[in-house]
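Structure first, then comments.
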Amino acid sequence: WVFFHASYPRFTMRFTKMQGCGNDYIYVDCFKEKPPADPAALSRRISDRHFGVGADGLILICPSEKADARMRMFNADGSEAEMCGNGIRCVAKYVHDHGIAQKTPLRIETGRGVLTLELEIGGGLVRHVRVDMGQPILECSQIPTMLPGPRVVNHPLPDGLLDMTQRWVAESGLDARVTCVSMGNPHAVLYCGAVAKVPLEQVGPVLETAAIFPRRINVHFVQVHAPGEVTMRTWERGSGITLACGTGACAVCVAGVLAEQSARTVTAHVPGGDLHLHWSETDQHVTMTGPAVEVFSGEWRG
């Protein structure tokens, strides 16, 4: 006789998978479910696209003392991030559609502070969400980056990184200058002539973990078609290649103005769809509008 020792589940947890422009996360309603004891470890397991549910990370929807709900977001590698633009739109959809707070606007607490979200509702369900992402953070020490400041706009990559990226310059028309923006989490934006030709799986991790970015960084490559239209591809800190990055699209909007590449109102084409951005000249707030979709719900036995 051969006996197989099964690993019996330690807990059972309901979850919902949602996505915004293909940026997909596993959502846990902590109004109903007991919060996981180790969310970082759970994110690593449940995000695995072969042995788990499959996602770019884990998002907990929790009660808040200062807003309608609180969002905690963990990347696929288990690291906790301050904000997620696509994720917070889906949080707003879940909060409304599942009866936690059925109103507009909603207020969601994040690692960036409390953000306000306006809902576009059709047939009783949220279809699109407009998020006030607040003001961008541009000071080097607060992004953070070790590049000289006070701001990093069209700054040449340091020699070591420049040498490593030279082989990609010719292929994609890469401009080896970087503009850095934080939207509560750090972003590096570079421009190129042919964004589809950027070998993202090679250059992304090199820049993410570069010493000039002490907390690592999200990396975006942008091709400008017109002042109000760009295409971008993203390597996300802790998750790798993703189909969209909401905070990254906001950073691209800001960087485009600072680097004189694009306008204050821009449509960003990402692999998973389109995001619409505006950087206000009056209050300096960035707003982002995009879809939020519930994919399916299930039960995880951890």
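The values are calculated or read from the model by the stated rules, or taken from the named source; none is laboratory data. Quantities reported herein were computed from a predicted structural model and do not represent experimental measurements. When we count neighbours, we look across all protein chains shown, and the Cβ atoms used for this are built from the backbone with ideal geometry, even at glycine. The area values use the complete protein model at the heavy-atom level, side chains included, leaving out ligands, DNA and RNA. Shrake-Rupley method; radii C 1.70, N 1.55, O 1.52, S 1.80 Å.
Some values worked out for this structure:
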| quantity | calculated |
| --- | --- |
| Estimated Rh, the range 67-183: Kirkwood, alpha-carbon pairs, angstrom | 16.9 Å |
| Test item: Cα-centred dipole of the range 204-302, Lys/Arg +1 and Asp/Glu -1 on Cβ, debye | 340 debye |
| Protein accessible area in the range 257-297, 1.4 Å probe - carbon and sulfur % | 52 percent |
| Amide proton proximity set for Asn23, modelled H, under 5 Å, gap of 5+ | Ala244 |
| Solvent-accessible area, 1.4 Å probe, carbon plus sulfur percent, for the range 6-135 | 46 percent |
| Mean Cβ neighbour count within 10 Å, used as a protection proxy, ranking 192-199, 30-37 highest first | 192-199, 30-37 |
| Distance (nanometres) between label positions extended 7 Å along Cα→Cβ at Gln142 and Asp38 | 3.6 nm |
| At most 10 other Cβ within 10 Å, DSSP loop - trypsin sites (Lys or Arg not before Pro), the range 221-300 | none |
| The range 66-175, accessible area per residue, ligands and nucleic acids excluded (1.4 Å, Å²) | 44 Å² |
| The range 246-302: GluC sites (Glu not before Pro) in DSSP coil with no more than 15 other Cβ atoms inside 10 Å | Glu260, Glu281 |
| Relative packing of peptides 119-130, 64-75 - highest average C-beta neighbours within 10 Å first | 64-75, 119-130 |
| Computed over the range 227-302, the ratio Rg/Rh where both radii use C-alpha atoms and Rh is Kirkwood | 1.08 |
| Cβ charges +1 (Lys, Arg) and -1 (Asp, Glu), total dipole of the chain, debye | 620 debye |
| Distance histogram in 10 Å bins (all Cα pairs of the chain, percent per bin) | 6, 29, 34, 21, 8, 2, 0, 0 |
| Phe31-Glu82 pseudo-label distance in nm [points 7 Å out on the Cα-to-Cβ vector] | 2.8 nm |
| Accessible area in square angstrom per residue, the range 198-302, 1.4 angstrom probe | 37 Å² |
| Set of lysines near Lys93 by C-alpha distance (under 20 Å), chain-local residues within fewer than 8 positions excluded | Lys17, Lys32, Lys66, Lys103 |
| Sites Val206 and Thr12, calculated FRET efficiency, Cβ-Cβ separation with R0 25 Å, nearest 0.05 | 0.05 |
| Average projection area in nm² (convex hull over Cα atoms of the range 117-262, one quarter of hull surface) | 9.2 nm² |
